[in-house]
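The values are calculated or read from the model by the stated rules, or taken from the named source; none is laboratory data. Note that this is a predicted model, so its numbers are computed, not measured. Cβ placement follows ideal geometry from the backbone for every residue including glycine, while neighbour counts extend to all protein chains displayed. Accessible surface is based on the protein model in full, side chains and every heavy atom, while ligands, DNA and RNA are left aside. Shrake-Rupley method; radii C 1.70, N 1.55, O 1.52, S 1.80 Å.
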Amino acid sequence: MKRIKIVDALKCTDYGKQITVKGWVRTHRSSKAVDFIALNDGSTIKNIQIVVNPEKFDGELLKNITTGACIGATGTLVESQGAGQSVEIQCESIELYGLCGSDYPMQKKGQSFEYMRQHAHMRLRTNTFGAVMRIRHNMAMAIHTYFHEHGFFYFHTPLITASDCEGAGNMFQVTTKNLYDLKKDEDGKIIYDDDFFGEQTSLTVSGQLEGELGATALGAIYTFGPTFRAENSNTPRHLAEFWMVEPEVAFLDQEELMDLEEDFIKYCVRWALDNCKDDLEFLNKMIDKTLLQRLEGVLKETFVRLTYTEGIDILQEAIKKGKKFEFPCNWGDDLASEHERYLVEEHFKKPVIMTDYPSAIKSFYMKQNPATDGEAGQKGSVGYKGVVAPGPTMQGTDVLFPQIGEIIGGSVREESYEKLMNEVNSRQMDTTHLWWYLDTRRWGTCPHAGFGLGFERLILFVTGMQNIRDVIPFPRTPKSAEF
(Lines give C-alpha, C1' and ligand atoms only; values in the text may rest on other atoms or scores of the structure.)
Protein backbone atom coordinates (compact mmCIF):
# COMPACT_ATOMS: atom_id res chain seq x y z
CA MET A 1 0.00 0.00 0.00
CA LYS A 2 1.28 3.47 -0.91
CA ARG A 3 2.58 5.48 2.01
CA ILE A 4 0.83 8.67 3.09
CA LYS A 5 2.77 11.41 4.86
CA ILE A 6 1.81 11.96 8.47
CA VAL A 7 1.06 15.65 7.86
CA ASP A 8 -1.59 14.56 5.35
CA ALA A 9 -2.87 11.66 7.46
CA LEU A 10 -3.56 14.02 10.36
CA LYS A 11 -5.76 16.18 8.11
CA CYS A 12 -7.67 13.23 6.70
CA THR A 13 -11.31 12.72 7.75
CA ASP A 14 -11.93 9.64 5.61
CA TYR A 15 -12.51 7.42 8.66
CA GLY A 16 -12.45 3.70 8.04
CA LYS A 17 -9.89 4.07 5.26
CA GLN A 18 -6.87 1.78 5.18
CA ILE A 19 -3.62 3.77 5.19
CA THR A 20 0.11 3.18 5.58
CA VAL A 21 2.44 5.56 7.37
CA LYS A 22 6.19 5.27 7.81
CA GLY A 23 8.58 7.07 10.10
CA TRP A 24 10.59 7.05 13.30
CA VAL A 25 9.25 6.14 16.72
CA ARG A 26 9.07 9.01 19.18
CA THR A 27 7.62 6.97 22.05
CA HIS A 28 6.25 3.48 22.65
CA ARG A 29 4.02 2.90 25.66
CA SER A 30 3.17 -0.72 26.41
CA SER A 31 0.58 -2.45 28.52
CA LYS A 32 -1.16 -5.82 28.53
CA ALA A 33 -4.27 -4.44 26.86
CA VAL A 34 -2.91 -1.93 24.35
CA ASP A 35 0.29 -0.35 23.02
CA PHE A 36 0.55 3.26 21.84
CA ILE A 37 3.27 4.19 19.35
CA ALA A 38 3.87 7.87 18.52
CA LEU A 39 5.24 8.02 14.98
CA ASN A 40 6.82 10.98 13.19
CA ASP A 41 8.17 11.24 9.64
CA GLY A 42 9.47 14.80 9.68
CA SER A 43 6.63 16.26 7.61
CA THR A 44 5.11 17.94 10.69
CA ILE A 45 5.90 18.63 14.33
CA LYS A 46 2.90 16.46 15.24
CA ASN A 47 3.02 12.69 15.70
CA ILE A 48 0.38 10.23 14.66
CA GLN A 49 -0.68 7.66 17.23
CA ILE A 50 -0.56 4.00 16.25
CA VAL A 51 -2.86 1.89 18.45
CA VAL A 52 -1.66 -1.71 18.70
CA ASN A 53 -3.41 -4.74 20.18
CA PRO A 54 -0.40 -6.68 21.59
CA GLU A 55 -2.27 -10.00 21.33
CA LYS A 56 -2.21 -9.71 17.53
CA PHE A 57 1.54 -9.12 17.23
CA ASP A 58 4.72 -11.01 17.98
CA GLY A 59 6.08 -9.96 21.36
CA GLU A 60 9.68 -9.76 20.12
CA LEU A 61 8.63 -7.42 17.33
CA LEU A 62 6.97 -5.04 19.78
CA LYS A 63 10.01 -5.14 22.09
CA ASN A 64 12.17 -3.95 19.19
CA ILE A 65 9.96 -0.92 18.55
CA THR A 66 11.90 1.50 20.72
CA THR A 67 12.50 5.25 20.57
CA GLY A 68 14.28 6.04 17.28
CA ALA A 69 13.37 2.81 15.51
CA CYS A 70 12.10 3.12 11.95
CA ILE A 71 8.84 1.35 11.12
CA GLY A 72 5.96 1.25 8.70
CA ALA A 73 2.43 0.78 10.03
CA THR A 74 -0.72 -0.10 8.13
CA GLY A 75 -4.19 0.09 9.62
CA THR A 76 -7.56 1.77 9.76
CA LEU A 77 -7.81 5.53 10.16
CA VAL A 78 -10.21 6.31 12.99
CA GLU A 79 -11.30 9.36 14.91
CA SER A 80 -9.18 9.64 18.03
CA GLN A 81 -10.78 9.25 21.42
CA GLY A 82 -7.85 10.80 23.25
CA ALA A 83 -6.82 14.41 23.66
CA GLY A 84 -4.13 16.01 21.54
CA GLN A 85 -4.88 14.41 18.19
CA SER A 86 -7.85 14.26 15.84
CA VAL A 87 -7.12 10.89 14.24
CA GLU A 88 -5.21 7.73 15.00
CA ILE A 89 -4.51 4.41 13.32
CA GLN A 90 -5.86 1.08 14.52
CA CYS A 91 -2.82 -0.97 13.55
CA GLU A 92 -3.14 -4.20 11.55
CA SER A 93 0.45 -4.76 10.43
CA ILE A 94 3.90 -3.42 11.24
CA GLU A 95 7.12 -3.60 9.26
CA LEU A 96 10.34 -2.92 11.14
CA TYR A 97 12.97 -1.20 8.98
CA GLY A 98 15.65 -0.10 11.42
CA LEU A 99 16.38 -1.13 15.00
CA CYS A 100 17.45 1.44 17.57
CA GLY A 101 19.15 0.23 20.73
CA SER A 102 19.54 1.75 24.16
CA ASP A 103 22.70 3.56 22.99
CA TYR A 104 20.64 5.78 20.64
CA PRO A 105 21.83 9.30 21.58
CA MET A 106 18.44 11.01 21.22
CA GLN A 107 16.50 9.13 23.87
CA LYS A 108 13.28 10.65 25.17
CA LYS A 109 14.76 12.76 27.91
CA GLY A 110 15.98 16.31 28.25
CA GLN A 111 19.31 16.82 26.47
CA SER A 112 21.21 20.08 26.31
CA PHE A 113 21.77 21.79 22.98
CA GLU A 114 25.51 21.46 23.59
CA TYR A 115 25.08 17.69 23.91
CA MET A 116 23.00 17.56 20.74
CA ARG A 117 25.63 19.49 18.77
CA GLN A 118 27.96 16.57 19.47
CA HIS A 119 25.37 14.36 17.75
CA ALA A 120 24.37 16.71 14.94
CA HIS A 121 23.80 13.74 12.63
CA MET A 122 20.97 12.56 14.92
CA ARG A 123 19.62 15.79 16.42
CA LEU A 124 17.62 16.54 13.27
CA ARG A 125 15.17 13.82 14.35
CA THR A 126 14.19 15.67 17.51
CA ASN A 127 11.10 17.85 17.70
CA THR A 128 13.06 21.06 18.18
CA PHE A 129 15.43 20.60 15.28
CA GLY A 130 12.73 19.26 13.02
CA ALA A 131 10.78 22.47 13.68
CA VAL A 132 13.83 24.66 13.07
CA MET A 133 14.68 22.94 9.77
CA ARG A 134 11.11 23.17 8.46
CA ILE A 135 11.10 26.89 9.30
CA ARG A 136 14.50 27.24 7.61
CA HIS A 137 13.02 25.73 4.45
CA ASN A 138 10.05 28.07 4.61
CA MET A 139 12.28 31.11 5.03
CA ALA A 140 14.22 30.09 1.92
CA MET A 141 10.94 29.78 0.04
CA ALA A 142 9.83 33.20 1.32
CA ILE A 143 13.07 34.81 0.12
CA HIS A 144 12.85 33.34 -3.38
CA THR A 145 9.13 34.15 -3.62
CA TYR A 146 9.55 37.74 -2.46
CA PHE A 147 12.27 38.58 -4.94
CA HIS A 148 10.55 36.76 -7.80
CA GLU A 149 7.33 38.66 -7.16
CA HIS A 150 9.23 41.96 -7.07
CA GLY A 151 11.06 41.50 -10.37
CA PHE A 152 14.48 40.46 -9.06
CA PHE A 153 16.59 37.87 -10.86
CA TYR A 154 18.32 35.06 -8.93
CA PHE A 155 22.01 35.58 -9.68
CA HIS A 156 24.71 32.99 -8.96
CA THR A 157 28.05 34.39 -7.83
CA PRO A 158 31.28 32.36 -7.50
CA LEU A 159 32.32 30.61 -4.32
CA ILE A 160 35.99 30.70 -5.33
CA THR A 161 37.47 34.18 -5.66
CA ALA A 162 40.77 36.03 -5.87
CA SER A 163 39.36 39.16 -4.18
CA ASP A 164 38.34 39.96 -0.63
CA CYS A 165 35.05 41.87 -0.69
CA GLU A 166 35.32 43.14 2.87
CA GLY A 167 39.03 43.93 2.72
CA ALA A 168 39.51 42.28 6.09
CA GLY A 169 41.40 39.09 5.28
CA ASN A 170 40.49 35.96 7.27
CA MET A 171 39.61 33.88 4.24
CA PHE A 172 39.88 30.14 3.62
CA GLN A 173 42.41 29.46 0.88
CA VAL A 174 41.64 27.15 -2.04
CA THR A 175 44.64 25.37 -3.49
CA THR A 176 45.83 22.17 -5.13
CA LYS A 177 49.42 22.78 -4.04
CA ASN A 178 51.33 20.29 -1.95
CA LEU A 179 51.29 21.97 1.45
CA TYR A 180 54.34 19.94 2.50
CA ASP A 181 56.44 21.26 -0.38
CA LEU A 182 55.52 24.89 -1.04
CA LYS A 183 57.68 26.75 -3.55
CA LYS A 184 58.62 30.26 -2.44
CA ASP A 185 60.40 33.18 -4.06
CA GLU A 186 63.51 34.85 -2.68
CA ASP A 187 61.33 37.05 -0.45
CA GLY A 188 59.74 34.00 1.14
CA LYS A 189 56.36 34.47 -0.60
CA ILE A 190 54.54 31.41 -1.93
CA ILE A 191 54.65 31.02 -5.72
CA TYR A 192 51.19 30.26 -7.13
CA ASP A 193 52.14 29.98 -10.80
CA ASP A 194 51.78 26.20 -10.67
CA ASP A 195 48.54 26.23 -8.65
CA PHE A 196 45.24 25.28 -10.29
CA PHE A 197 44.11 28.88 -10.89
CA GLY A 198 47.61 30.29 -11.28
CA GLU A 199 47.11 32.72 -8.40
CA GLN A 200 46.09 32.76 -4.74
CA THR A 201 42.37 32.05 -4.38
CA SER A 202 39.98 31.71 -1.46
CA LEU A 203 36.41 30.87 -0.55
CA THR A 204 34.22 33.94 -0.85
CA VAL A 205 33.14 36.09 2.09
CA SER A 206 30.39 37.72 0.01
CA GLY A 207 28.85 37.72 -3.45
CA GLN A 208 28.20 41.45 -3.31
CA LEU A 209 30.84 42.73 -5.72
CA GLU A 210 29.79 40.29 -8.44
CA GLY A 211 26.18 41.03 -7.53
CA GLU A 212 26.75 44.69 -8.33
CA LEU A 213 27.83 43.65 -11.83
CA GLY A 214 24.54 41.81 -12.20
CA ALA A 215 22.52 44.80 -11.02
CA THR A 216 24.17 47.07 -13.59
CA ALA A 217 23.01 44.70 -16.33
CA LEU A 218 19.73 43.18 -15.10
CA GLY A 219 18.52 46.05 -12.93
CA ALA A 220 17.68 44.07 -9.80
CA ILE A 221 19.29 40.81 -8.70
CA TYR A 222 19.72 38.80 -5.53
CA THR A 223 22.20 36.16 -4.47
CA PHE A 224 21.46 33.41 -1.99
CA GLY A 225 24.27 31.04 -1.17
CA PRO A 226 27.00 29.95 1.23
CA THR A 227 29.80 32.28 2.30
CA PHE A 228 32.89 31.61 4.39
CA ARG A 229 34.90 33.55 6.98
CA ALA A 230 37.94 32.20 8.77
CA GLU A 231 37.45 34.25 11.92
CA ASN A 232 38.31 32.55 15.19
CA SER A 233 35.02 33.60 16.79
CA ASN A 234 33.48 31.17 19.24
CA THR A 235 30.30 33.14 19.88
CA PRO A 236 26.58 32.32 19.65
CA ARG A 237 26.37 34.65 16.61
CA HIS A 238 29.22 33.44 14.36
CA LEU A 239 29.80 30.58 11.96
CA ALA A 240 32.69 29.87 9.60
CA GLU A 241 30.26 28.74 6.90
CA PHE A 242 26.91 30.48 6.62
CA TRP A 243 24.35 31.59 4.04
CA MET A 244 23.86 35.13 2.80
CA VAL A 245 21.05 36.84 0.89
CA GLU A 246 22.38 39.83 -1.04
CA PRO A 247 20.11 41.89 -3.31
CA GLU A 248 21.60 44.65 -5.45
CA VAL A 249 19.42 47.18 -7.25
CA ALA A 250 20.23 49.83 -9.86
CA PHE A 251 18.82 53.36 -9.46
CA LEU A 252 17.97 52.86 -5.76
CA ASP A 253 18.62 55.62 -3.23
CA GLN A 254 18.97 55.43 0.56
CA GLU A 255 15.30 55.99 1.35
CA GLU A 256 14.21 53.37 -1.17
CA LEU A 257 16.80 50.93 0.18
CA MET A 258 15.40 51.27 3.70
CA ASP A 259 11.89 50.73 2.33
CA LEU A 260 13.09 47.55 0.61
CA GLU A 261 14.82 46.23 3.74
CA GLU A 262 11.77 46.78 5.93
CA ASP A 263 9.29 45.39 3.42
CA PHE A 264 11.45 42.33 2.71
CA ILE A 265 12.00 41.30 6.31
CA LYS A 266 8.35 41.86 7.22
CA TYR A 267 7.38 39.63 4.29
CA CYS A 268 9.62 36.86 5.64
CA VAL A 269 8.18 37.14 9.16
CA ARG A 270 4.63 37.18 7.81
CA TRP A 271 5.41 34.07 5.73
CA ALA A 272 6.62 32.27 8.85
CA LEU A 273 3.48 33.15 10.81
CA ASP A 274 1.26 32.08 7.89
CA ASN A 275 3.07 28.86 6.96
CA CYS A 276 4.81 27.57 10.10
CA LYS A 277 2.04 27.82 12.69
CA ASP A 278 2.51 24.42 14.37
CA ASP A 279 6.30 24.67 14.53
CA LEU A 280 6.21 28.23 15.86
CA GLU A 281 3.67 27.33 18.52
CA PHE A 282 5.91 24.45 19.61
CA LEU A 283 8.99 26.69 19.81
CA ASN A 284 6.97 29.40 21.58
CA LYS A 285 6.05 26.83 24.22
CA MET A 286 9.38 25.03 24.55
CA ILE A 287 12.11 27.57 23.66
CA ASP A 288 10.92 31.18 23.95
CA LYS A 289 7.51 32.05 25.36
CA THR A 290 7.65 35.55 23.84
CA LEU A 291 8.44 34.33 20.31
CA LEU A 292 5.03 34.72 18.69
CA GLN A 293 4.44 38.07 20.38
CA ARG A 294 7.80 39.33 19.09
CA LEU A 295 7.16 38.14 15.53
CA GLU A 296 3.72 39.72 15.43
CA GLY A 297 5.18 42.90 16.91
CA VAL A 298 7.58 43.27 13.97
CA LEU A 299 4.63 43.34 11.57
CA LYS A 300 2.77 45.97 13.58
CA GLU A 301 5.65 48.39 14.04
CA THR A 302 7.15 50.87 11.61
CA PHE A 303 10.92 50.55 11.92
CA VAL A 304 12.69 53.51 13.53
CA ARG A 305 15.09 55.27 11.16
CA LEU A 306 17.98 56.57 13.20
CA THR A 307 21.37 58.02 12.31
CA TYR A 308 24.49 56.59 13.93
CA THR A 309 25.14 60.03 15.44
CA GLU A 310 21.68 60.12 17.02
CA GLY A 311 22.23 56.58 18.27
CA ILE A 312 25.53 57.51 19.92
CA ASP A 313 23.82 60.44 21.63
CA ILE A 314 21.14 58.09 23.04
CA LEU A 315 23.77 55.61 24.27
CA GLN A 316 25.85 58.36 25.87
CA GLU A 317 22.77 59.68 27.63
CA ALA A 318 22.00 56.17 28.92
CA ILE A 319 25.54 55.92 30.32
CA LYS A 320 25.06 59.22 32.14
CA LYS A 321 21.95 57.73 33.75
CA GLY A 322 23.86 54.67 34.99
CA LYS A 323 23.64 52.18 32.12
CA LYS A 324 26.72 49.93 31.99
CA PHE A 325 28.17 48.68 28.70
CA GLU A 326 31.10 46.32 28.30
CA PHE A 327 32.41 48.06 25.18
CA PRO A 328 32.94 51.80 24.53
CA CYS A 329 30.46 53.70 22.37
CA ASN A 330 31.98 57.03 21.47
CA TRP A 331 31.50 58.61 18.05
CA GLY A 332 33.65 56.63 15.64
CA ASP A 333 33.40 53.32 17.52
CA ASP A 334 31.92 50.29 15.80
CA LEU A 335 28.78 49.53 17.80
CA ALA A 336 28.71 46.20 19.60
CA SER A 337 25.68 43.92 19.77
CA GLU A 338 24.96 45.17 23.31
CA HIS A 339 24.61 48.74 22.02
CA GLU A 340 22.38 47.72 19.13
CA ARG A 341 20.16 45.64 21.39
CA TYR A 342 19.85 48.45 23.92
CA LEU A 343 18.51 50.76 21.23
CA VAL A 344 16.09 48.13 19.93
CA GLU A 345 14.97 46.36 23.09
CA GLU A 346 15.16 49.04 25.79
CA HIS A 347 15.04 52.49 24.23
CA PHE A 348 12.74 52.19 21.19
CA LYS A 349 11.30 48.70 21.83
CA LYS A 350 11.01 48.15 18.08
CA PRO A 351 13.35 47.40 15.14
CA VAL A 352 15.72 50.17 14.09
CA ILE A 353 17.35 51.00 10.76
CA MET A 354 20.59 52.77 11.66
CA THR A 355 22.07 55.00 8.98
CA ASP A 356 25.04 57.19 8.20
CA TYR A 357 27.89 55.44 9.99
CA PRO A 358 31.42 56.87 10.12
CA SER A 359 33.15 55.99 6.86
CA ALA A 360 36.24 54.76 8.71
CA ILE A 361 34.41 51.78 10.26
CA LYS A 362 32.62 50.71 7.08
CA SER A 363 33.63 49.25 3.72
CA PHE A 364 35.34 51.14 0.91
CA TYR A 365 32.46 50.78 -1.57
CA MET A 366 29.89 52.71 0.48
CA LYS A 367 28.80 56.15 -0.73
CA GLN A 368 29.89 59.06 1.45
CA ASN A 369 27.52 61.79 2.54
CA PRO A 370 28.51 65.30 1.42
CA ALA A 371 30.84 67.18 3.75
CA THR A 372 29.42 70.15 5.65
CA ASP A 373 32.01 72.53 4.23
CA GLY A 374 32.09 71.05 0.75
CA GLU A 375 35.41 69.37 1.43
CA ALA A 376 34.60 65.69 1.86
CA GLY A 377 36.17 63.95 4.79
CA GLN A 378 37.63 67.05 6.49
CA LYS A 379 35.15 68.63 8.89
CA GLY A 380 32.25 66.28 9.14
CA SER A 381 29.31 65.23 6.98
CA VAL A 382 25.62 65.87 6.80
CA GLY A 383 23.90 62.64 7.79
CA TYR A 384 20.33 61.49 7.25
CA LYS A 385 17.70 64.15 8.16
CA GLY A 386 20.39 66.82 8.23
CA VAL A 387 22.18 65.60 11.37
CA VAL A 388 25.74 66.94 11.35
CA ALA A 389 28.33 64.31 12.28
CA PRO A 390 31.85 65.17 13.53
CA GLY A 391 33.46 63.22 10.70
CA PRO A 392 32.75 61.81 7.24
CA THR A 393 29.78 59.47 7.15
CA MET A 394 28.44 57.13 4.53
CA GLN A 395 24.95 56.12 3.40
CA GLY A 396 24.68 52.87 5.30
CA THR A 397 21.40 51.25 6.33
CA ASP A 398 21.79 48.52 8.96
CA VAL A 399 18.66 46.85 10.33
CA LEU A 400 18.83 46.09 14.06
CA PHE A 401 16.46 43.52 15.58
CA PRO A 402 15.56 42.45 19.12
CA GLN A 403 17.47 39.43 20.43
CA ILE A 404 19.85 39.62 17.46
CA GLY A 405 21.34 43.07 16.95
CA GLU A 406 22.34 43.62 13.32
CA ILE A 407 20.38 41.35 11.00
CA ILE A 408 20.88 43.31 7.75
CA GLY A 409 23.86 45.38 6.63
CA GLY A 410 23.32 47.59 3.60
CA SER A 411 24.31 50.81 1.88
CA VAL A 412 24.15 52.95 -1.18
CA ARG A 413 27.23 52.05 -3.25
CA GLU A 414 29.62 54.73 -4.48
CA GLU A 415 29.06 55.03 -8.24
CA SER A 416 31.72 57.64 -8.98
CA TYR A 417 34.99 56.20 -10.24
CA GLU A 418 37.01 59.15 -8.93
CA LYS A 419 35.48 59.06 -5.45
CA LEU A 420 35.76 55.28 -5.21
CA MET A 421 39.43 55.42 -6.24
CA ASN A 422 40.07 58.14 -3.66
CA GLU A 423 38.66 55.85 -0.98
CA VAL A 424 40.64 52.85 -2.26
CA ASN A 425 43.86 54.87 -2.27
CA SER A 426 43.24 56.41 1.16
CA ARG A 427 42.91 52.89 2.56
CA GLN A 428 46.01 51.76 0.65
CA MET A 429 44.10 48.89 -0.88
CA ASP A 430 45.61 46.55 -3.46
CA THR A 431 43.44 46.81 -6.59
CA THR A 432 45.11 43.94 -8.44
CA HIS A 433 42.00 41.77 -8.17
CA LEU A 434 39.46 44.59 -8.27
CA TRP A 435 40.03 45.93 -11.79
CA TRP A 436 36.82 44.34 -13.09
CA TYR A 437 34.81 45.87 -10.23
CA LEU A 438 36.25 49.31 -10.85
CA ASP A 439 35.36 49.00 -14.54
CA THR A 440 31.67 49.25 -13.62
CA ARG A 441 32.38 52.84 -12.53
CA ARG A 442 34.28 53.60 -15.74
CA TRP A 443 31.75 52.33 -18.25
CA GLY A 444 28.10 53.23 -17.81
CA THR A 445 28.14 53.74 -14.06
CA CYS A 446 24.81 54.19 -12.30
CA PRO A 447 23.49 54.89 -8.80
CA HIS A 448 22.78 51.61 -7.01
CA ALA A 449 22.34 50.11 -3.57
CA GLY A 450 22.00 46.78 -1.82
CA PHE A 451 22.18 44.86 1.43
CA GLY A 452 23.25 41.58 2.94
CA LEU A 453 21.05 39.46 5.20
CA GLY A 454 22.65 36.75 7.29
CA PHE A 455 20.24 33.88 6.68
CA GLU A 456 21.05 32.10 9.93
CA ARG A 457 20.46 35.30 11.89
CA LEU A 458 17.02 35.52 10.33
CA ILE A 459 16.37 31.92 11.41
CA LEU A 460 17.58 32.75 14.93
CA PHE A 461 15.05 35.54 15.17
CA VAL A 462 12.15 33.59 13.67
CA THR A 463 12.72 30.46 15.78
CA GLY A 464 13.74 32.04 19.08
CA MET A 465 16.83 29.82 19.26
CA GLN A 466 19.76 31.31 21.14
CA ASN A 467 22.80 29.90 19.33
CA ILE A 468 23.47 30.20 15.60
CA ARG A 469 24.95 26.68 15.62
CA ASP A 470 21.45 25.37 16.26
CA VAL A 471 19.79 26.84 13.17
CA ILE A 472 22.02 25.25 10.51
CA PRO A 473 22.08 21.46 10.04
CA PHE A 474 25.83 20.97 10.39
CA PRO A 475 27.66 23.99 11.86
CA ARG A 476 31.21 24.85 10.85
CA THR A 477 33.07 26.60 13.68
CA PRO A 478 36.68 26.86 14.91
CA LYS A 479 38.09 23.37 15.54
CA SER A 480 34.85 21.75 14.38
CA ALA A 481 34.15 20.43 10.87
CA GLU A 482 32.49 17.12 11.66
CA PHE A 483 29.49 15.63 9.90
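Overview of values
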read-out	value
Hits in the stretch 328-344 (condition: out of contact with any Ser or Thr (no Cβ under 9 Å at 6 or more places or on another chain) and assigned to a loop (DSSP other than H, G, I, E, B))	Pro328, Cys329, Asn330, Gly332, Asp333, Asp334, Leu335, Ala336
Matching entry among Thr227, Thr157 (being within 29 Å of Gln428 (Cα to Cα), modelled with pLDDT of 95 or more, under 20 Å from the mean Cα position of the chain (by Cα) and open to solvent by less than 30 Å² (accessible area, probe 1.4 Å))	Thr227
Residues of the stretch 386-409 that turn out to be open to solvent by 60 Å² or more (accessible area, probe 1.4 Å) and in a loop (DSSP other than H, G, I, E, B), as a count	1
Number of the condition not met by Thr145 [criteria: (1) over 21 Å from Tyr222 (Cα atoms); (2) in contact (Cβ under 8 Å) with a residue 24 or more places away in the chain; (3) loosely packed, with under 15 Cβ neighbours inside 10 Å]	(1)
Check on Leu203, more than 24 Å from Leu458 (Cβ to Cβ) and either out of contact with any Asp or Glu (no Cβ under 6 Å at 6 or more places or on another chain) or not β-branched (Val, Ile, Thr) (or both)	no
Total residues in the stretch 261-301, condition out of contact with any helix residue (DSSP H, G or I) (no Cβ under 7 Å at 6 or more places or on another chain) and under 24 Å from Phe152 (Cβ atoms)	5
Enumeration of residues in the stretch 1-53 that are of a type outside the set (Val, Ile, Thr), open to solvent by 30 Å² or more (accessible area, probe 1.4 Å) and not in a loop (DSSP other than H, G, I, E, B)	Arg3, Asp8, Gln18, Lys22, Trp24, Arg26, His28, Arg29, Phe36, Gln49
Residues of the stretch 270-292 classified as open to solvent by 20 Å² or more (accessible area, probe 1.4 Å), part of a helix (DSSP H, G or I) and touching a residue at least 12 places away in the same chain (Cβ under 8 Å), total	9
Failed criterion for Met258 (all others in (1) in contact (Cβ under 8 Å) with a residue 60 or more places away in the chain; (2) touching a helix residue (DSSP H, G or I) at 6+ places or on another chain (Cβ under 7 Å); (3) closer than 19 Å to Ile353 by Cα; (4) among the aliphatic types (A, V, I, L, M) hold)	(2)
Test: residue in the stretch 381-391 that is touching a Phe, Trp or Tyr at 6+ places or on another chain (Cβ under 6 Å), touching a residue at least 24 places away in the same chain (Cβ under 8 Å) and among the charged types (D, E, K, R)	no
Qualifying positions in the stretch 54-82 - closer than 18 Å to Leu99 by Cβ, touching a Ser or Thr at 6+ places or on another chain (Cβ under 9 Å) and part of a strand (DSSP E or B)	Gly72, Ala73
Residue in the stretch 166-183 that is in contact with a Leu (Cβ under 8 Å, 6 or more places away or on another chain), small (Gly, Ala, Ser) and within 20 Å of Thr431 (Cα to Cα) present	no
Of all residues making up the stretch 431-481, the number that are modelled with pLDDT of 95 or more, part of a loop (DSSP other than H, G, I, E, B), of a type in the set (A, V, I, L, M) and over 24 Å from Ile135 (Cα atoms)	0
Complete set of residues in the stretch 284-301 that are closer than 11 Å to Pro351 by Cα and of a type in the set (Asp, Glu)	Glu301
Hey, Leu252 in a helix (DSSP H, G or I), open to solvent by less than 40 Å² (accessible area, probe 1.4 Å), at pLDDT 95 or above and not basic (Lys, Arg) or not	no
Selection count where residues are open to solvent by 40 Å² or more (accessible area, probe 1.4 Å), out of contact with any Pro (no Cβ under 8 Å at 6 or more places or on another chain) and either among the aliphatic types (A, V, I, L, M) or in a loop (DSSP other than H, G, I, E, B) (or both), scope the stretch 293-323	6
Residue, farthest from Ile361 (Cα to Cα), within the stretch 410-427, restricted to residues that are buried (at least 18 other Cβ atoms within 10 Å of the Cβ) and not hydrophobic (A, V, I, L, M, F, W, C)	Glu415
Of the criteria (1) more than 30 Å from Lys350 (Cβ to Cβ); (2) in contact with a Gly (Cβ under 8 Å, 6 or more places away or on another chain), which one His433 fails	(2)
